[in-house]
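Structure, as structure tokens:
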Amino acid sequence: MSALISRAAGPLKGVAVAPGDKSISHRAVIFAACAVGRTTISGLLEGEDVLRTIAALRAMGVAIDRQSPGVWRVDGLGVGGLCEPDRVLDMGNSGTGARLLMGLTASQPITALFTGDSSLRRRPMARVSDPLRTLGAQIFARSGERLPLCLVGADDPVALDYELPVPSAQVKSAVFLAGLNAPGQTRVIEPQPTRDHTERMARHFGATVTVRERASGGREIILAGQPELTATPVEVPGDPSSAAFIAVAALITPGSQVTIRGVGVNPLRIGLYDTLIEMGGDLAFENRREESGEPVADLVVRASPLAGVSVPAARAPAMIDEYPVLAVAAAFAQGQTTMNGLAELRIKESDRLAAIARGLAVNGVEAKTGEDVLTVTGASPDGLGGGRVASEHDHRIAMAFLVMGAAAGRSVTIDSGAMIDTSFPGFASVMNSLGADIREAAA
């Protein structure tokens, strides 16, 4: 896809549905592959990242078929039933898919080769590979513990007792998935609570999972190994990280009112929405319900004047993917917004912290960065925009700055929208249906 340009076109109005939650979609197909019987998954995100996970599981012998848009059928092989793949598992740009499947294969007596695109091959895997070696897997990687890598699963895996050095749902989930095929109990201690979709999905398929709050903070999660998982239907909720782009666009575009239906509102995923409400945002969660073990609601958003706040580092695990679009909201807020605890952003699809700051600067926004801090000074919308943003092959950077263009005084251009479909297929069409103006930029 070529460069995209976003221009202000008036209020955003109407009803939207966010694509299926990417984190839950990955986990739904993985647990369905480990269950006994046939699982039907509805609302699955059909973005590139999830399709890479599906392709990898197929290469390991799992029958997975698309029945209709968003509806997939998985015939599980049971815990420990994967076959050795006869080709390299190319995970594209999916760090989640790569890390979770490394965990899943680590406790099975198979050899798997993992690679990815140029962005994923730059991302370090040591946080996952170190505990998996302790379990008994052998892992041979490039310098810096980067892809491509070869993983030789353990013949006799041992249950892990592992304390995360930093909060990371991906690392926790990789250890957890490795523990599925290990005897005894696998225990993970996390210093701060991180998204718990893996624990919820495991319970949904019949695993025994115990979660204990620790007096010193954080949580202890215990999995009883070698469960017999049973196929069960899964309804994937709308992704709160994807809904965030629609929500922020509505908040900063005067006169807007948008309803986003069926959004996942897991308490460990809605840090952005808590922050936007603190900034003065008019957001309401209506029609709360539970689907497949996850809380869901309809999100009603009305345009609101925003004020700068200080976002505590402790909130970062609950909104780590939403800082690019929060930075855009902060650009339209009165005063300064300071975001703390952002070190993890430097090892995402790009150095997101640096990419956010550069994108803001070329669009007239004052932003200062530290090692793990970003401070944004709001400005009048009339003076914002006019820049061309290097998306750095990062879907969230691309979407965030297209959102800026919907409310800025001048248009905003991103150099490429090709990667947006990894998490939000049809993003421009959804935004335009609400009244935005996003289109291909003239050559």
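The values are calculated or read from the model by the stated rules, or taken from the named source; none is laboratory data. Since the model is a prediction, treat every value here as computed from it, not as a measurement. No Cβ is skipped: glycine too gets one built from the backbone with ideal geometry, and neighbour counts run over all protein chains shown.
General observations
- Residues satisfying the stated conditions in segment 59-109, i.e. hydroxyl-bearing (Ser, Thr, Tyr) and farther than 20 Å from residue 23 by Cα: 68, 107
- From the list 315, 289, the one residue that fits, being out of contact with any Phe, Trp or Tyr (no Cβ under 7 Å at 6 or more places or on another chain), assigned to a helix (DSSP H, G or I) and basic (Lys, Arg), is 315.
- Failed item, numbered, when residue 418 is tested on (1) surrounded by fewer than 21 Cβ atoms within 10 Å (Cβ to Cβ); (2) aliphatic (A, V, I, L, M); (3) under 18 Å from residue 322 (Cα atoms): (3)
- Residues of segment 98-128 classified as surrounded by fewer than 22 Cβ atoms within 10 Å (Cβ to Cβ) and either among the hydrophobic types (A, V, I, L, M, F, W, C) or out of contact with any His (no Cβ under 7 Å at 6 or more places or on another chain) (or both), total: 13
- On the stretch given as segment 410-434, residues that are in contact with a Gly (Cβ under 6 Å, 6 or more places away or on another chain), in contact (Cβ under 8 Å) with a residue 60 or more places away in the chain and under 21 Å from residue 329 (Cβ atoms) total 4.
- Unmet criterion (only one of (1) in a loop (DSSP other than H, G, I, E, B); (2) buried (at least 24 other Cβ atoms within 10 Å of the Cβ)) for residue 255: (2)
- Restricting segment 329-346 to residues that are touching a Phe, Trp or Tyr at 6+ places or on another chain (Cβ under 7 Å) and crowded, with 23+ Cβ neighbours inside 10 Å leaves a set whose member that is modelled with the lowest pLDDT is 345.
- Residue within segment 274-283 that is more than 30 Å from residue 410 (Cβ to Cβ), part of a strand (DSSP E or B) and modelled with pLDDT of 95 or more present: no
- If you go through segment 8-43 and keep only what is more than 14 Å from the chain's Cα centre (by Cα) and part of a loop (DSSP other than H, G, I, E, B), you end up with 8, 9, 10, 11, 12, 35, 43.
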